[in-house]
Amino acid sequence: MKAEYKINFEMPKSYDPSEVLSKLPSPISPKMTEIYNYSVQSYGFYFLDNLVDQWTAGHAMKLFVDEGLKYSRTVKIQKL
């Protein structure tokens, strides 16, 4: 079972995600399973929570939402 999300915000054309990406927790659990995955898209971020470790996935998702709020007054989270 997995949960997929779109994190939409007004991303600047010259957006550089390197700062937020460097803050992310490891997406690999101690049991060598993938906790979460993501991609940077034109609308913001795609986020995949593999429902392995809710604290780690939640922390990563919060970092993406906070990043969106740096550039936009609103962030829309859409569960797919």
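Values as computed for the structure displayed
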item: Any hit, the stretch 16-27, residues being modelled with pLDDT under 95 and of a type in the set (S, T, N, Q); result: no
item: Failed item in (1) touching a helix residue (DSSP H, G or I) at 6+ places or on another chain (Cβ under 9 Å); (2) without any contact (Cβ under 8 Å) to a residue 12 or more places away in the chain; (3) among the hydrophobic types (A, V, I, L, M, F, W, C), with TRP55 passing the rest; result: (1)
item: The stretch 31-69, subset within 17 Å of PRO12 (Cα to Cα) and exposed (fewer than 11 other Cβ atoms within 10 Å of the Cβ), residue nearest to the chain's Cα centre (by Cα); result: SER39
item: Total residues in the stretch 20-39, condition outside any loop (DSSP other than H, G, I, E, B) and touching a residue at least 24 places away in the same chain (Cβ under 8 Å); result: 4
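The values are calculated or read from the model by the stated rules, or taken from the named source; none is laboratory data. What you see is a predicted model, and the numbers here were worked out from it, not measured in a lab. Neighbour counts run over all protein chains shown; Cβ positions are idealised from the backbone, glycine included.
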